[in-house]
Amino acid sequence: MSGQRRWSLSRRLGLWLALSVAALWLAAATVAGLVLRHEIDEVFDSALQEVAQRVLPLAYSELLSREDGAGAQHMAPVGPHREFITYVVRDAEGRVLLQSSDAEQMAIPAGLVPGFHTTPLLRTYTEAAVRGTVVVTTAEELDHRAAAVWRAVMALIWPLVALVPIALAGVWLTLRLTLKPVLAFRHAIAARGRGNLTPVPEQGLPEEMAPVAGAVNALMERLRGALEAERGFAANSAHELRTPIAAALAQTQRLVAELPEGPAQERARTIAGALRRLSRLSEKLLQLAKAEGAGLLAEAPAPLAPVLRHVIADLDRQTGRAGDIDLSIAAEGGPVSDLDPDAFAVLARNLIENALKHGAPDTPVQVRLTADRLDISNHGAVVPVERLAQLLRPFERGPTGAEGSGLGLAIAAAICRGAGLALEIASPIPGEAEGFSAVVRFPEPANLTGS
């Protein structure tokens, strides 16, 4: 698996949906703010006009009733409050006749023609009466309007702070429930492998995923057929190859016994040796074919220690080298694994034969079986680091003069790959100066049911 970080589909959909909702909300708030500003301008302009039209007759009456020569009159506020709309009444010469209490602070300009005007700081409305002898100007600060619009827009935006996490949680929950069949389908596919080629359940999948499940099941069915054909070929080949090779070897051995000493008998011995090597090679090739096929898992977990003892006993019957093997099995009896006993026997036999064949003479092969690993090591020449990985390929050999086909480690590696086990090889032996070690790691017993 690559080191690149992957995002799940539910996370991508959740994030993009939440961001889309937030973007739409912001766009709607912006449009609403522009509309609201237009409406607020109309309302406040109407208020300016209304104040001017109401003040004009009152100011005219006030001016008629007061004595000539009186100065500008200030209208006292009814109570303490902030005055957002102010007004000033002037005569034709621009003299202030009447003004509201906060008019001086706003510095309402004089000489404005009737109608609406906008200055850098104010929005004004001017109304004239009595042939222009009385002029009323109402004014409002532009900052007041901007603040009103800003407060209204913020009232629309602030809920977004709470909406985003709520939307994320809602979208995540919805996607979790919606994608639950898809996640179950993914787990079902991930559980396949290691010889498990049973069909993936198609019930409950959405319409878009049902064809994928059908295609996966069809692919596994074709793969199952191919593996069964391969196993059949291996079984038939074992029968067809072993019998003629064994017959040829028997005839050659009989010929060796019947021929007198001389060149003819030596040639017969050479043929017998070649037939023995061919027999061993065919056996290894059949083991490799089985290891790279299927059938490496048993229906139920079983202990592997008895199988290992049987392998060593069989080796002793054929080679008489049990004394060169230092066997140690954990007190609890070694691992309990769902690895097929026959597959484990092939795995252990190839690793032990490889250690016996290429190990230093007169040094025992260490075989250790614990609850989670099979450790086999032998003393001998160190294999260069650049050659270690190549030893797991078929027909690759290390720096040794011993006879061999170069298939032992390749068979062991194929069985470990097919059964989901880890095979670790090292040279020299960890903690020592020379030798070679091969370690097969088994999963924890608690994980067997989930594997």
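Computing FRET efficiency as 1/(1 + (r/R0)^6) for Ala169 and Ala32, where r is the C-beta to C-beta distance and R0 is 22 Å, gives about 0.30. Seen from Ser427, the other residues with C-beta closer than 13 Å to its C-beta sum to a net charge of -3, counting Lys and Arg as +1 and Asp and Glu as -1. Annotation: amide H-H contacts under 5 Å for Asp340 (H modelled 1.01 Å from N, sequence separation of 5 or more, or interchain): Leu297, Ala298. A cut-off of 5 Å between modelled amide H atoms, ignoring neighbours fewer than 5 places along the same chain, links Leu407 with Phe395.
Just to verify a number: FRET efficiency for Arg192 and Ala331, C-beta to C-beta distance, R0 = 30 Å, to 0.05?
The calculated FRET efficiency here is 0.25.
The residues packed around Thr363, meaning those with a beta-carbon under 14 Å from its beta-carbon, carry a net charge of -3 if Lys and Arg are +1 and Asp and Glu are -1. Accessible-area rank, largest first, for Ser437, Ser20: Ser20, Ser437, with all protein chains present and a 1.4 angstrom probe. In order along segment 377-387, the Karplus-derived 3J(HN,Hα) couplings, from 6.51 cos²θ - 1.76 cosθ + 1.60 at θ = phi - 60°, round to 9, 9, 7, x, 5, 6, 8, x, 4, 5, 9 Hz, and Gly and Pro are given as x. The string of couplings for segment 304-316 from the Karplus curve (6.51, -1.76, 1.60, θ = phi - 60°) is 9, 4, x, 5, 5, 4, 5, 4, 5, 5, 5, 4, 5 Hz, one whole number per residue in order, with x for Gly and Pro. What the phi angles of segment 341-352 give under the Karplus curve with 6.51, -1.76 and 1.60, with θ = phi - 60°, is a coupling list of x, 5, 5, 5, 4, 5, 4, 5, 4, 5, 5, 5 Hz, glycine and proline written as x. The figure for Glu332 is an accessible area of roughly 120 square angstrom, using a 1.4 Å probe on the protein chains alone.
Amide H contacts of Val365: Ile325, Asp326, each under 5 Å away and 5 or more positions distant or on a separate chain (H built 1.01 Å from N in the peptide plane; Pro and chain starts excluded). Charge tally around Arg321: other residues with Cβ under 14 Å, Lys/Arg +1 each, Asp/Glu -1 each, net -3. Applying 1/(1 + (r/R0)^6) with R0 = 41 Å to the Cβ-Cβ distance of Gln203 and Ala300 gives a FRET efficiency near 0.90.
The values are calculated or read from the model by the stated rules, or taken from the named source; none is laboratory data. Bear in mind the structure is a predicted one, so any value in this text is a computation, not a measurement. We place every Cβ from the backbone using ideal geometry, glycine too, and count neighbours over all the protein chains shown. Side chains are part of the model used for accessible areas, which takes the heavy atoms of the whole protein and leaves out ligands, DNA and RNA. Shrake-Rupley method; radii C 1.70, N 1.55, O 1.52, S 1.80 Å.
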